[in-house]
1. For Thr123, Thr202, write out the residues from largest to smallest accessible area, computed with a 1.4 angstrom probe and no ligands counted.
2. Given Lys126/Lys177; Lys130/Lys170; Lys110/Lys171; Lys39/Lys133; Lys110/Lys130, which pairs have Cα atoms separated by over 30 Å?
3. Amide H to amide H under 5 Å from Leu74: which residues, 5+ apart in sequence or cross-chain, H placed 1.01 Å off N in plane?
4. Could you please state how large a percent of the accessible area of the range 100-175 is carbon and sulfur, counting protein chains only and using a 1.4 Å probe?
5. Residue separation times 0.36 nm, minus the C-alpha to C-alpha distance between Arg69 and Ile145: what's the value?
6. Once amide H atoms are placed 1.01 Å from N in the peptide plane, what residues at a sequence separation of 5 or more from Phe112, or on another chain, have their amide H within under 5 Å of its amide H?
7. Express in nm, to one decimal, how much length is gained between Tyr155 and Glu132 on full extension, taking 0.36 nm for each residue of separation and deducting their alpha carbon distance.
8. Leaving ligands and nucleic acids out of the surface, order Thr217, Thr168, Thr51 by accessible area at 1.4 Å, largest first.
Amino acid sequence: MAWRFKPYQRLSVAEHVEGWIGWKAMKQLMKHARRSLGKREEAFFTALFLTGGRVSEVLSLKRGNFDIREAEGLIIVRGMPLLKRYKKIREVETVEGKRWITEKLEKTRKPFPIVLSEPLTPTLLKWLEKFEKPEALLFPSPYRIEEPLSRFWAYNQVRRLDDTLPLTLKKQLGLNKPHMHLWLHWFRSQRASQLVEDYSFTVLDLIDWFSWEHEKTALNYARRGWRGLASKMKAAIYV
């Protein structure tokens with residue numbers, strides 16, 4: 001069924017993400033993206049996951065944002081845009097009640113690491129090799145190279161990817177329930193869950209890595225889900 005005819009349900013991290021799906025399922029998803037959509041799309045979804053960025057932030061990335069440190073086994077991401085920050089200017093009265101007039105702030109995330117040994121990092125490195133100049137966009141528009149691909153392009157790709165997912169892979173991704181589908185923010189939530197599961201990130205670690213301002217945001221994302229809880233229980237030592 002075409003995406004536009006599917007029953008629409010707004011999905012949220014708190015209600016619809018059961019925790020980290022595991023590297024095996026994530027690698028299969030990226031492999032499927034490459035086969036069904038192409039290498040550029042695979043690279044985009046890989047960057048979306050590895051950076052944990054919002055779609056507009058990832059589309060704005062440039063080659064110069066990535067500092068590859070092979071000796072340390074890391075990529076340090078610097079100056080990644082933060083595009084959802086607002087400053088309250090003044091409060092006004094409207095027909096619906098009071099609301100704030102806001103001004104968009106131009107900020108960047110604090111530097112954060114990506115581990116070179118993670119299974120998806122080679123895909124990102126291979127894509128970075130395509131760009132020599134630091135100012136080069138990773139995902140430029142084919143019509144205006146100085147501008148990135150649009151959010152509409154990104155939404156269209158995730159819809160196409162969702163439409164082609166086999167049922168077996170949907171089950172592994174936790175997307176086989178009624179009205180469930182793949183959505184862009186899912187990759188961000190999976191990264192947060194993976195950081196908690198694999199690296200035992202605390203709420204404060206997540207706040208630092210994502211440059212979040214509020215603890216509540218981190219709590220919404222820091223979910224082990226039943227898989228993570230089960231792994232902790234099975235790892236317990238019984239005397």
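1. Numbers: Thr123 40, Thr202 70 Å².
The ordering from most to least exposed comes out as Thr202, Thr123.
2. On the way: Lys126/Lys177 35 Å; Lys130/Lys170 32 Å; Lys110/Lys171 35 Å; Lys39/Lys133 21 Å; Lys110/Lys130 25 Å.
In this structure, Lys126/Lys177; Lys130/Lys170; Lys110/Lys171 lie more than 30 Å apart at Cα.
3. Those lying under 5 Å, H to H, from Leu74 are Arg69, Leu116.
4. Details: 2630 of 4780 Å².
In the range 100-175, the share of accessible area belonging to carbon and sulfur is 55 percent.
5. Values: separation 76, 0.36 × 76 = 27.36 nm, distance 2.79 nm.
Contour length minus the Cα-Cα distance gives 24.6 nm.
6. Counting only residues 5 or more places away or on other chains, the set is Val77.
7. Working: separation 23, 0.36 × 23 = 8.28 nm, distance 2.78 nm.
Extending this stretch completely gives an extra 5.5 nm.
8. Values: Thr217 40, Thr168 100, Thr51 0 Å².
Greatest to least solvent exposure: Thr168, Thr217, Thr51.
The values are calculated or read from the model by the stated rules, or taken from the named source; none is laboratory data. Quantities reported herein were computed from a predicted structural model and do not represent experimental measurements. The area values use the complete protein model at the heavy-atom level, side chains included, leaving out ligands, DNA and RNA. Shrake-Rupley method; radii C 1.70, N 1.55, O 1.52, S 1.80 Å.
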